[in-house]
1. With the requirement that a residue be under 33 Å from the mean Cα position of the chain (by Cα) and not in a loop (DSSP other than H, G, I, E, B), what does the range 31-40 give you?
2. Does E548 satisfy the criteria of being within 14 Å of L508 (Cα to Cα), of a type in the set (D, E) and at pLDDT 80 or above?
3. Filtering the range 520-537 down to residues that are modelled with pLDDT of 65 or more and in contact with a helix residue (DSSP H, G or I) (Cβ under 7 Å, 6 or more places away or on another chain), which residue is farthest from V64 (Cα to Cα)?
4. Among the strands (runs of 3 or more DSSP E) contained in the range 218-303, which hold 2 or more residues that are assigned by TED's automatic domain parsing to the domain that holds T162, modelled with pLDDT under 90 and of a type in the set (V, I, T)?
5. Just one of P325, P338, P330, P273 is loosely packed, with under 13 Cβ neighbours inside 10 Å and over 30 Å from G65 (Cβ atoms); which is it?
6. Look through A507, A487, A494 and report the one residue that is assigned to a helix (DSSP H, G or I), buried (at least 17 other Cβ atoms within 10 Å of the Cβ), outside the structural domain of N176 (by TED's automatic domain parsing) and at pLDDT below 75.
7. If you scan the range 36-54, which residues turn out to be over 12 Å from N68 (Cα atoms) and not charged (D, E, K, R)?
8. Of everything in the range 296-322 that's among the aliphatic types (A, V, I, L, M) and surrounded by 14 or more Cβ atoms within 10 Å (Cβ to Cβ), which residue is nearest to the chain's Cα centre (by Cα)?
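The values are calculated or read from the model by the stated rules, or taken from the named source; none is laboratory data. Every value quoted in this text rests on a predicted model; they were computed, and no experiment measured them. Cβ atoms come from the backbone with ideal geometry, glycine included; neighbour counts cover every protein chain shown.
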Amino acid sequence: MKSIHFLFIVCFVFLGSIARAQVTFEAKVSKKKLGINERLRIDFEMNQDGDNFNPPSFVGFRVVGGPNQAISNSYFNGKRSYSKTYSYFLSPLQKGNATIGQATIEIEGQTYKTSPVTVSVGEAVKISKDGSNAEYLAEESVHLVAEVSNSTPFLNEAITVTYKLYVSHDVGITSNWREISTPKYADFWSQNINTQGNYKTYDTKYKGEDYRYVILRSTVLYPQKTGELDIEPLTLDIPVDVRSNKRDMFGRQRVARVNKTVSAGARTINVKPLPIEGKPDDFTGAVGDFQFQLQTNKTTLDANEALELTAKISGKGNLKLFDLPGLKLPSALEVYTPERDNQVTVQLDGMRGTISEKYTVVPQFKGNYPVRPITFSYFNPKTERYETLASEEIVINVENGPVAKTEPTEDASIVAEDLDDAQFKFIKLDANLKPIATTPFFKSTLFWSLLGGPMLLIPLFIVAGKKRRDRLSDVEGMRLRKANRLAKKYLSEAKKNMKDRVVFYEALERAFHNFLKAKLTLETSDFSKEKISALLEEKQVQPEVVSEFIQLLKSCEYARYTPTSQVAMQQDYEKAARIISTIDKQIQ
């Protein structure tokens, strides 16, 4: 009887220890039904500490917050209670049923997965206009505006788009906003003038109320086509801190954080064509306000001595987008290909500076050679007229050197008596010609060489063919070589700009764009991290490689606005080359 009681106690203790050691890992959502304009919170909760947490791809949603991590560790009546949670805030992308996939975690060497969760996304819900509603206050207090300096410019006339973020004094924001979509300037020459994170706050009025605003960026545009051109909107996800009517135990007013999506809206630019009336024949597309000069470093020299002629255009306008007028010089002056020099800066009102072409000219004969005036025409958008500038005539005096020929007589005939005998001494009057001995081609050395040469090349062709077959049969080696060439191709621009942090990371991110377009047929408008992850997983790319690729994309976004070292840039470049090569090998 005692042995039965002992066995019962042992089994009870054993089952109790199993119950205590049971691991739970669950996915919990804040709501199963929501509107297209609402946010969803999902918590991945476990009762034991784990490692290597991998969230799902969140297909059909945009991650607007998270991951946030929370740990609870408490004791009650001698029993320990532990909880660890990873939280995400999601915004639905379309209506309908959406399924959130499985998350994974490793606990004590075992991998645990959550069950998929399906939520229903319906029509947009009406936001309560109650003054205590944090989402309503955030909606009414933060606005993104794209201001265009001129919505009806001429072709190739500069305009500036300035993106301003207006914020009410009733809410607060930080600089931790995230770009959801970036403007695209199709049919424009464009250059961003970034603030590099040094945002200055200005006080202003917005719709009659007191506001603050910061300038996020300014972009200079030169339209390259006429007609209506669209500028796609800049869209941001911004965390907004809204003060509520509730107070904490110390009497301080509580603050609720709401993620707000703001968009500057699309803008349409109506580009006017340049007038046909009065258009000069030498007009090459210059639009702005310019000055034109033709200069030389010397006007007196000897034959075979070099001089420099410089054509220079300075002022304000589309300086990088047209060609300088060419020189027309006498044939006795040898002219070399010009060297172009651009000293142009892009400011808020467009390009300013100087462009020039420097010609090296070498006279061959003695004499005076005039360089006739050359003209430069441009369109001035302020006066809406074409203007033409002309250079001054330059006379080049070659004092010493051979004489090309005498001056022509009045009837354009040449007098034989006035010719210099030295001009004809290079002509040999006694040819002293000798017949060339002819040798028959048949059975000659050349004949046998041409006949037997191809026979000697046959072994070389056999060896080369064998090596080519061996190379083609090495499938793994071919894939590796192809992947390495692909990585170098897309990353070549980034490697050239490793001394400039901003340009380097922009080129690195552009390399990822082009790589994904080529491999996944993915358009730039669909370039979201969630869709990239889903497509790469469909192509059977390993999850850890996908995660590493997405992390590198995020690093590119952050690194453009935060300081980084040359060593870190080199590491990012090597990591990018390795990841592109790996994805290309794994993609199915």
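1. Matches in the range 31-40: L40 only.
2. So E548 does not fit the description; no.
3. Filtering the range 520-537 for residues that are modelled with pLDDT of 65 or more and in contact with a helix residue (DSSP H, G or I) (Cβ under 7 Å, 6 or more places away or on another chain), the one farthest from V64 (Cα to Cα) comes out as L520.
4. Where strands (runs of 3 or more DSSP E) fall fully within the range 218-303 and carry at least 2 residues being assigned by TED's automatic domain parsing to the domain that holds T162, modelled with pLDDT under 90 and of a type in the set (V, I, T), they are 235-247, 253-263.
5. Among P325, P338, P330, P273, only P273 is loosely packed, with under 13 Cβ neighbours inside 10 Å and over 30 Å from G65 (Cβ atoms).
6. From the options A507, A487, A494, the qualifying one is A487.
7. Of everything in the range 36-54, those that are over 12 Å from N68 (Cα atoms) and not charged (D, E, K, R) turn out to be I36, N37, L40, M46, N47, Q48, G50, N52, F53, N54.
8. L321
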